[in-house]
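The values are calculated or read from the model by the stated rules, or taken from the named source; none is laboratory data. Predicted model, so just to flag it, every value in this text is computed and none were measured. We place every Cβ from the backbone using ideal geometry, glycine too, and count neighbours over all the protein chains shown. Just so you know, the surface numbers come from the protein's heavy atoms only, side chains and all, with ligands and any DNA or RNA stripped out. Shrake-Rupley method; radii C 1.70, N 1.55, O 1.52, S 1.80 Å.
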Amino acid sequence: IRDKYRLNAGVMLQPQRSRYKQDYLGINVDTVRNTVNWSPTLDFRYRFNKQSNLRLNYRGTSSQPSMSDLLYITDNTDPLNVKIGNPGLKPAFTNRFRLFYNTYLQSHQRSIMTFVNFSSTRNSISNKVTYDEATGGRTTQPVNINGNWNANAAFMFNTSVDSAGVWNINTFTTGGYNHYVGYLSLNSNADSQKNVTNSTTLGERLSASYRNSWLEIELDGSFNYTHSRNKLQTSSDLDTWQFAYGANFNITLPWGTNLSTDIHENSRRGYNDKSLNTNELVWNAQVSHSLLKGNALTLSVQFYDILHNQSNLSRAIDAMRRTDTEYNSINSYIMFKASYKLNLFGGREGM
């Protein structure tokens with residue numbers, strides 16, 4: 001029975017004593033806070049056979065507010081932007097669940113993998129702003145808020161089309177949903193309001209490949225879709241697409257020489273800034289040669305972004321804002337590389 005399943009469970013308790021000293025306007029403040037962090041865990045594994053496994057995992061973690069947020073001290077060095085602490089802040093507690101399954105059918109050279117993740121946080125911390133019409137000042141204070149959670153899942157399927165394993169098809173599908181909650185001020189003359197941002201993401205990558213003793217060819221295509229809706233700022237609502245398609249080639253020549261290249265068209269759509277809605281043809285290549293006994297030494301030269309088209313863009317979404325960041329980076333360059341394999345334990349004869 002133990003060969004088929006395994007169950008581990010436990011709870012970790014961690015007493016914590018925090019002490020914070022601060023000299024504020026000539027007054028020495030000495031604050032001590034005693035807390036107990038607890039972290040329950042559950043790990044269940046079931047093996048159907050040597051190729052199929054199921055795993056269920058749960059973990060709970062608590063995190064304490066910073067001592068500077070807990071101190072009830074008023075920072076009015078800027079009378080129009082006053083900051084105060086909140087000694088009533090509660091620790092945040094996060095629940096994380098994960099379900100994972102994988103299997104492999106050797107007779108068909110077919111593998112399947114899937115997982116589902118879920119996470120929720122109680123007593124998250126968000127900064128709440130109160131506006132004073134009489135003075136025109138703003139007071140910011142950290143407070144607890146509930147409702148933050150997210151979930152994501154994926155499914156992978158890879159199979160050989162023929163019995164020899166020369167032709168293969170692979171698909172990888174992902175999906176996710178994020179529910180962000182926080183306090184947001186629409187302008188400098190308004191109190192904070194509870195804001196909710198919902199973000200849905202979908203992704204797919206499909207590829208087909210051919211492989212023999214000296215040639216490997218892969219054709220692939222992918223897309224990623226993001227659907228974002230903001231309760232208080234509808235101007236932040238977006239539907240964006242990123243998709244790509246192209247091919248990879250790898251040729252093994254005699255005497256230890258290898259040529260490989262990949263070329264892909266990468267496109268973006270749906271961004272407010274029209275300059276971000278681009279089409280970029282990206283081409284990379286590599287030439288390598290192996291030397292010495294057992295091809296222990298490999299020398300290679302790699303060419304990146306030969307056509308000088310690639311750009312870097314990242315997106316971050318939360319309850320407060322949506323941020324699109326474009327990086328200035330050197331994407332087009334050449335790299336020379338040398339690698340040497342060491343066999344410290346000898347060959348089969350030595351074993």
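A few comments on the model shown:
- Under a model in which nothing but the beta-carbon of Lys, Arg (+1) and Asp, Glu (-1) is charged, the stretch 116-203 shows a dipole of about 180 debye around its Cα centre.
- Positive-end residue of HIS264, TYR245, ASN230, charge dipole of the stretch 218-267 with Cβ unit charges: ASN230
- Euclidean distance between Cα centres, the stretch 79-139 to the stretch 210-265, Å: 30 Å
- In the stretch 213-278, Cα pairs under 8 Å separated by at least six residues give a relative contact order of 30 percent.
- Counting all C-alpha pairs of the chain, share separated by more than 36 Å (%): 49 percent
- Each 10 Å bin, from zero up to the one with the longest distance, holds this percent of the alpha carbon pairs of the stretch 58-185: 11, 25, 20, 15, 12, 9, 6, 1, 0.
- Take each peptide in 257-268, 153-164, count the other Cβ atoms within 10 Å of every residue, and average; sorted highest first, the result is 257-268, 153-164.
- From phi via Karplus (6.51, -1.76, 1.60), per-residue ³J(HN,Hα) for the stretch 246-252 in Hz, x at Gly/Pro: x, 8, 10, 10, 9, 10, 9
- For the chain, averaging the sequence separation of C-alpha pairs within contact (under 8 Å, six or more residues apart) and dividing by the residue count gives a relative contact order of 8 percent.
- Estimated 222 nm signal from helices in the chain, with DSSP H stretches of n ≥ 4 weighted -39500 (n - 2.57), rounded to 500: 0 deg cm²/dmol
- Across the stretch 216-323, Cα pairs under 8 Å and at least six residues apart give a relative contact order of 19 percent.
- Accessible area of LYS83 (1.4 Å probe, protein heavy atoms only, ligands and nucleic acids ignored): about 120 Å².
- Over 20 Å between alpha carbons, listed pairs LYS128/LYS194; LYS83/LYS128; LYS90/LYS231; LYS83/LYS231; LYS293/LYS341: LYS90/LYS231; LYS83/LYS231
- Per-peptide average of other Cβ atoms within 10 Å, ordering 235-244, 46-55 highest first: 235-244, 46-55
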